[in-house]
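K.L.:
Could you have a look at this structure, given as structure tokens, before my questions?
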Amino acid sequence: MSSCCFVFLIGIFCWIPNATSATISLDSDWSYRWGDSPFDEQGSPLWSQEPFDSPEWQAIDFPSNPPERKGQTNVWYKTSLPHGQWTDPVLYIYSVDLIVQVYLDGLKIYEFGEFDQEGRGAFAGWPWHSISLPEGFEGKPIYFRIFSDYSDIGLWGEVKVMEKPDLILFILSSSLKDRLIFAFCVLIGILAFIFSLFQSHNRTYSYLTLFSLASAGMIIGESQATQLIYNAPMFWRYLAAMSYFTLPIAISGLLYYWLANTSPLFRMLRWIRNTHIVFLVLALVLSLTEIVRLSHFYPAFDALFVVTLISMLVLIVPQHTKLDTTQTLIVCAYAVYSAFLLIDMAVAHGFIAWWRFPVSVGALLFSMTLVVISILHFNQTQKALVELTLSLEQKVIERTEKIQRYALREKERARLLALENKKMRALEQLVEQLHKCTELQEALQLLFKRLPALLKPLPATVRFNSVRDRMLPSALTPQSILSFSIKVDDATDKSYVCAVIEIEESPLVHDDTINAISLFISRAADRLGITLSSIKLQEELQQLSYEDALTGLKNRRFFDELLKRESMIALRQGTPLSVLICDIDHFKQFNDRFGHEAGDMALKSLADCLLTHFRETDISCRYGGEEFVVVMPAASREDAVRRAKQLILDVEKTPIEYLGQSIGTITLSIGIATWPETVDSPSQLLKQADTALYQAKQKGRNRVEHEICL
């Protein structure tokens, strides 16, 4: 009777209905920026006061682990909050590595962890976050200030905007399985402990008790629902970590107890067990005394855990025949559980794209193995009952999935009809956004993000093409039934297909619906083509005013504006700024010897070297004649000199091709000036670089000069 009540109470505790309200996932349209923002006197970050399309921000699909980290511990992310009808909206984040501040309208609306004056802070756990959004947040940019000295940096898992009640239901429903498995593991651990009391001479059940309770602790410590019960992230993180670190202690101790007397090799299992015990104690003591942060023990343990698994595999596989049926089942169950842990480890370290991997299922499988073993020990007839229960559960799952698929099909049909009258308005909004773009590539990127949503719910495929590729085949693929081309006209009245929309066959969409909406798509393709052609024409006109026609580099007019802008940025942010002036040695003699067309080829060759040699953030311009300048933001004199010397070597080794033949090579003289290392003001950079270039010429050419000799 007491056991029935226990099971009933567990069922009541674990049951919760699923949240049904729609949510908006923020899994695209993010930007990032390495470093930490300065703050004004009111405590508002200056980066949040910049224009939203500031070039300092780089696009990223999801705000996690941007490229080129190079030891950075501070990063900012931003995105625009979505529009919608909200009652009590919150921003839900699955987790953050490691601490975060959130700013909206220049005001801090949320903080997890404590930032010191240097923008750093201590590890505070890995909870989920619910950030209340103020009224009128729709469409506004939201900024995230992140510090992490962990292997990962940024947001992690999921980011959604949803109603607060729906978030609670979502947390409870998404962690329902974990709570059920936790209760099951606790029950198995209690049963194993009871068995160990009756068989004190047999340590098997003692180790199984430790393993089951450690699995339960790891599961409940990482369950999101626990934060609703007791909001203490570090408590739950310590529970999960110490339980996780205990798993190999239990299994290696169990294997040592079974096999130590069969072969001297298996005594290595005691060394593995003791190593993990020492690791557990050190992790607990050093993290509690704040000598080493708890988060830093995870990568070390994962590496040790992999070595442990390989060692046990090498030891046990050749000797598996020495195990009885019960022991073999437990070893196999642990192998499966370990595979789940390894996959979860790969997700945690970014080797596999994030998803809610059910690592608790591995614990469930292990616990169920213990149940099967217990059943085999006490009553073989119970096996049929277990198989019948599993069969019924599978049938229920299949029936539930069939009903869900039918409901989704009906919902999709209704949604298709409801959206049909909104498509034209959505198209007008898209065209309005396209008109704000100044470059065709920017417009195509916007189109790439917005067009698929405009075509829903039709099963459509959009193939994009660069305008430079001239033509994108518009023939139908075997699965498509309709095709529409979006064409772009340039300044020469030449037309290029930049995208093809293909409508595929689908049993979920009726033919009359496809015919009705295909007319809209045809008109939309023509309208988008006219808009893109206008953007293309404006872009070409802009390029004519800022680009050098021969080399394709930016011209002197662009350089003058660029140097002013970068000088102001350098002064404001206190970052170095370097300017290089490059001059081709004896270029007049080269022209006299080979002709001006060959000289043009030499200029183009040097321009290609400049584009490939410097960083993406460095800007190369043709200053005039055979002179070229390079602006290197945030580059010290040492960086600039190193780049310049390598450029001289690369140019000297690059043959000039003219009329299909190599006519030799050219050499460069380069002058460098760097603020604040060699000049007092960025306004003096160009003058001093020119003086340094003159000295390079005077000292024999084909060299770099960066210090002015008075």
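K.L.:
Just to be sure before I move on: is Phe184 more than 28 Å from the chain's Cα centre (by Cα), over 24 Å from Thr275 (Cβ atoms) and part of a helix (DSSP H, G or I) in the structure I sent?
P.N.:
Details: more than 28 Å from the chain's Cα centre (by Cα): yes; over 24 Å from Thr275 (Cβ atoms): yes; part of a helix (DSSP H, G or I): yes.
In short, yes.
K.L.:
Hey, among Thr369, Thr328, Thr400, Thr389, which residue is among the β-branched types (Val, Ile, Thr), open to solvent by less than 40 Å² (accessible area, probe 1.4 Å), more than 30 Å from the chain's Cα centre (by Cα) and at pLDDT 70 or above?
P.N.:
Working: Thr328 fails: open to solvent by less than 40 Å² (accessible area, probe 1.4 Å); Thr400 fails: open to solvent by less than 40 Å² (accessible area, probe 1.4 Å); Thr389 fails: open to solvent by less than 40 Å² (accessible area, probe 1.4 Å).
It is Thr369.
K.L.:
Scanning the range 530-554 for residues that are at pLDDT 75 or above and among the small types (Gly, Ala, Ser), which turns out least open to solvent (accessible area, probe 1.4 Å)?
P.N.:
Among those residues, the one meeting the criterion is Gly552.
K.L.:
Still on this structure: Could you say whether any residue in the range 211-218 is modelled with pLDDT under 85 and closer than 23 Å to Phe266 by Cα?
P.N.:
Looking through the range 211-218, at least one residue is modelled with pLDDT under 85 and closer than 23 Å to Phe266 by Cα.
K.L.:
Take the residues of the range 683-698 that are modelled with pLDDT of 90 or more and touching a helix residue (DSSP H, G or I) at 6+ places or on another chain (Cβ under 9 Å): which is nearest to His586 (Cα to Cα)?
P.N.:
Restricting attention to the range 683-698, the residues satisfying the condition of being modelled with pLDDT of 90 or more are 684-698.
Imposing the further condition that a residue be touching a helix residue (DSSP H, G or I) at 6+ places or on another chain (Cβ under 9 Å) reduces the set to 685-686.
Numbers: Leu685: 25, Leu686: 22 Å.
The residue in question is Leu686.
K.L.:
Criterion first (at pLDDT 80 or above, open to solvent by 70 Å² or more (accessible area, probe 1.4 Å) and in a loop (DSSP other than H, G, I, E, B)) does Ile310 satisfy it?
P.N.:
Numbers: at pLDDT 80 or above: yes; open to solvent by 70 Å² or more (accessible area, probe 1.4 Å): yes; in a loop (DSSP other than H, G, I, E, B): no.
So Ile310 fails the test.
K.L.:
Condition first: polar (S, T, N, Q), modelled with pLDDT of 90 or more and closer than 30 Å to Thr73 by Cα. Can you find one or more residues in the range 150-164 that meet it?
P.N.:
If we filter the range 150-164 for residues that are polar (S, T, N, Q), which is where we start, we get 151.
Those still in the list that are modelled with pLDDT of 90 or more too: none.
No, every residue in the range 150-164 fails to be polar (S, T, N, Q), modelled with pLDDT of 90 or more and closer than 30 Å to Thr73 by Cα.
K.L.:
Still on this model: Checking Thr674 against (1) more than 26 Å from Met601 (Cβ to Cβ); (2) open to solvent by 60 Å² or more (accessible area, probe 1.4 Å); (3) in contact (Cβ under 8 Å) with a residue 24 or more places away in the chain: exactly one of these is not met. Which one?
P.N.:
So Thr674 meets the others, but not (2).
K.L.:
Can you tell me which condition Gln101 does not meet? The list is (1) open to solvent by less than 20 Å² (accessible area, probe 1.4 Å); (2) of a type in the set (S, T, N, Q); (3) closer than 22 Å to Asp344 by Cβ, and all the others hold.
P.N.:
(3)
K.L.:
Sticking with this structure for a sec: Glu111 - would you say it is of a type outside the set (A, V, I, L, M), modelled with pLDDT of 90 or more, out of contact with any Cys (no Cβ under 7 Å at 6 or more places or on another chain) and more than 25 Å from Gln72 (Cβ to Cβ)?
P.N.:
Details: of a type outside the set (A, V, I, L, M): yes; modelled with pLDDT of 90 or more: yes; out of contact with any Cys (no Cβ under 7 Å at 6 or more places or on another chain): yes; more than 25 Å from Gln72 (Cβ to Cβ): no.
No; evaluated as a whole, the condition is false for this residue.
K.L.:
When you go through Arg642, Arg622, Arg615 one by one, which is the residue that is under 23 Å from Pro576 (Cα atoms), crowded, with 18+ Cβ neighbours inside 10 Å and charged (D, E, K, R)?
P.N.:
Working: Arg642 fails: crowded, with 18+ Cβ neighbours inside 10 Å; Arg615 fails: crowded, with 18+ Cβ neighbours inside 10 Å.
Result of the check over Arg642, Arg622, Arg615: Arg622.
K.L.:
Ok, one more. Cβ-Cβ under 8 Å, sequence separation 6+ or interchain: first residue in the range 642-664 and closer than 24 Å to Met632 by Cα, partner basic (Lys, Arg). Which pairs?
P.N.:
Listed pairs, sorted by first residue: Ile648/Arg703.
The values are calculated or read from the model by the stated rules, or taken from the named source; none is laboratory data. The model shown is predicted, which means the values in this text are computed figures rather than measured ones. A quick note on method: Cβ atoms are made from the backbone with ideal geometry, for glycine too, and the neighbour counts reach across all protein chains shown. All accessible areas refer to the heavy atoms of the entire protein, side chains included, with ligands and DNA or RNA removed. Shrake-Rupley method; radii C 1.70, N 1.55, O 1.52, S 1.80 Å.
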